[in-house]
Amino acid sequence: MAEPVVIACINHKGGCGKTTTAVNLAAALSVGNEELGIAKRRVLLIDLDPKGNIATTFGVDKRKLGPTMNELFKGGVDGAPVKLTECLIRPDELTKSMHSAFTRQNPERKRGPPKDLMVDDLWLLPADLDLSGVEIDLATRIGRENRLRLAMQNSVGHFDVVIIDAPASLGLLTVNALAAAQWVLIPVQAEFYAMENMSQLMNMVRDVQKAVNPGLRLFGIVLTMVQRSRLSETVAEQARKHFGDRLFETEIPRLVAIAEAPLDGAPIVIGQKPNKSNPGSKAYWELAREASARIETIQNS
Ligand SMILES: Nc1ncnc2c1ncn2[C@@H]1O[C@H](COP(=O)(O)OP(=O)(O)O)[C@@H](O)[C@H]1O
Ligand SMILES: [Mg+2]
C-alpha cells in the first residue's frame with residue numbers, strides 16, 4: 001500500500017490558527033469537492049496538543065473519549081502497548097456527534113441536521129489534558145523523539161493523508177510531530193513579529209532535519225487571520241520574498257464565523273457551503289484546493 005502523505009502543522013506561537021487550519025484542511029480533503037477539483041481522500045487527523053481541542057471542534061464530549069494519544073505514548077513503557085487504531089474516533093462517530101451538536105444548537109429545526117453535515121473518510125486521534133504530563137515523562141525516555149513515528153508505523157497505511165496538529169511550543173511533542181512527518185505546514189498570523197518568529201521556527205525544523213528526520217520538507221506557509229491592513233500586506237510581502245512559491249496564495253481572513261464554527265460542532269468547511277456569503281468556508285476550501293494539488297504532486301513524484 002502507498003505510504004500516506006504526513007503533514008505536521010506547527011508554529012510555536014499560540015493562537016495563530018494551527019488547530020483551525022489542521023481541522024479544516026483535514027475535513028475538506030476527506031470530503032473532497034468535484035467542482036474545485038479536490039480529490040476525496042482517507043484522512044487521519046492527529047491531535048498532539050495537550051489542550052485536546054480537536055475532539056470538541058466536532059462536538060465530541062471529551063469525558064466520553066476512549067484511549068487517546070496519552071495511552072498511545074505511555075503504552076509499551078508503563079503498561080500493555082495500545083495500538084494507534086484502538087484510539088481512533090471513526091467517521092460515523094464524528095458525524096453522529098456533529099449531528100447531536102447541531103440539534104442542540106438548533107432545537108427549532110424540525111428537519112434535523114443538513115444532509116451534508118457529515119464526514120465519511122475522516123478519522124481523529126484525539127488528545128486529552130494529561131498529554132502535558134506525558135511530555136514531561138517522555139523527556140527522560142530513550143527514543144523520546146520517535147514515539148509518535150513508531151506508533152504510526154504499520155498503522156497508517158490505510159490513509160492517504162495524515163495531518164498532525166502540534167501544540168504551541170518547541171517542546172518534545174512538536175519534535176515528535178516533526179519526526180513523524182515528511183512535510184511541515186506553518187500557519188502564520190499576520191503580525192509584527194511574524195517573520196522573526198519564523199526564523200526561530202525554521203531553525204528548529206533544520207535541527208530536526210539534521211538530527212532526527214533528514215527527509216522533512218516544507219509543505220507550505222499559510223497566512224491566517226488576515227485583515228485589510230498595511231501590516232498584513234507587509235507580512236505577506238516578506239513571506240513571499242522569503243518562501244517564494246511555498247507561500248499559499250490563499251490567505252485566511254480574520255472572521256468571527258471561523259472562530260464561531262466549533263459552537264455548531266462542525267469545522268466551517270463542513271458546516272457552511274463555500275460561497276460568497278460564507279467567505280470563511282470559501283477561504284479554507286481554496287486552501288484545500290491548493291494543498292490538494294501539492295499532495296497530488298508529491299504522490300506522483
Ligand atoms: N481566521 C480566523 N478568524 C478569526 N478567528 C480565528 C481564525 N482562525 C482561528 N481563530 C480563532 O482564534 C483562536 C486561536 O486559533 P487556533 O486555531 O486554536 O490557534 P492555535 O492552534 O495556533 O493555537 C481560536 O479561538 C480560533 O477559533
Ligand atoms: Mg492549537
Restricting the range 271-284 to residues that are of a type in the set (Ser, Thr, Tyr) and surrounded by 21 or more Cβ atoms within 10 Å (Cβ to Cβ), the one farthest from Lys40 (Cα to Cα) turns out to be Ser281
Counting only residues in the range 251-270 that are more than 17 Å from the chain's Cα centre (by Cα) and either more than 25 Å from Ala194 (Cβ to Cβ) or buried (at least 19 other Cβ atoms within 10 Å of the Cβ) (or both), the one farthest from ligand 1 (Cβ to nearest atom) is identified as Asp264
Within the range 172-182, residues surrounded by fewer than 21 Cβ atoms within 10 Å (Cβ to Cβ) and within 14 Å of ligand 2 (Cβ to nearest atom) come out as none
The correct count of residues that are part of a helix (DSSP H, G or I) and either acidic (Asp, Glu) or surrounded by 15 or more Cβ atoms within 10 Å (Cβ to Cβ) (or both) in the range 201-237 is 12
Reported set for the range 1-20 where residues are at pLDDT 95 or above, more than 9 Å from ligand 2 (Cβ to nearest atom) and surrounded by fewer than 24 Cβ atoms within 10 Å (Cβ to Cβ) is Pro4, Val5, Val6
Cβ pairs under 8 Å, 6+ apart or interchain, first in the range 175-204 and in contact (Cβ under 8 Å) with a residue 12 or more places away in the chain, second hydroxyl-bearing (Ser, Thr, Tyr) and surrounded by fewer than 21 Cβ atoms within 10 Å (Cβ to Cβ), ordered by first then second residue, are Ala190/Ser229; Ala190/Ser232
Matching residues in the range 28-53 (surrounded by 21 or more Cβ atoms within 10 Å (Cβ to Cβ), more than 17 Å from Asp120 (Cα to Cα) and either among the hydrophobic types (A, V, I, L, M, F, W, C) or more than 16 Å from ligand 1 (Cβ to nearest atom) (or both)) number 1
Note: among Val162, Val188, Val156, just one is part of a loop (DSSP other than H, G, I, E, B), surrounded by 15 or more Cβ atoms within 10 Å (Cβ to Cβ) and modelled with pLDDT of 90 or more, namely Val156
Self-check item: Qualifying residue in the range 59-67 (condition: under 15 Å from the mean Cα position of the chain (by Cα), within 16 Å of ligand 1 (Cβ to nearest atom), at pLDDT below 95 and farther than 18 Å from Ile186 by Cα)
Solution: no
Residue hits (the range 239-248; part of a helix (DSSP H, G or I) and surrounded by 14 or more Cβ atoms within 10 Å (Cβ to Cβ)) are Ala239, Arg240, His242, Phe243, Arg246
From the option list Leu36, Leu29, Leu94, single residue qualifying as in contact (Cβ under 8 Å) with a residue 60 or more places away in the chain, not basic (Lys, Arg) and not in a loop (DSSP other than H, G, I, E, B) is Leu29
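The values are calculated or read from the model by the stated rules, or taken from the named source; none is laboratory data. Small disclaimer: the values here were computed from a predicted structure and weren't measured. Cβ coordinates were reconstructed from backbone atoms using ideal geometry, including for glycine residues, and neighbour counts include every protein chain displayed.
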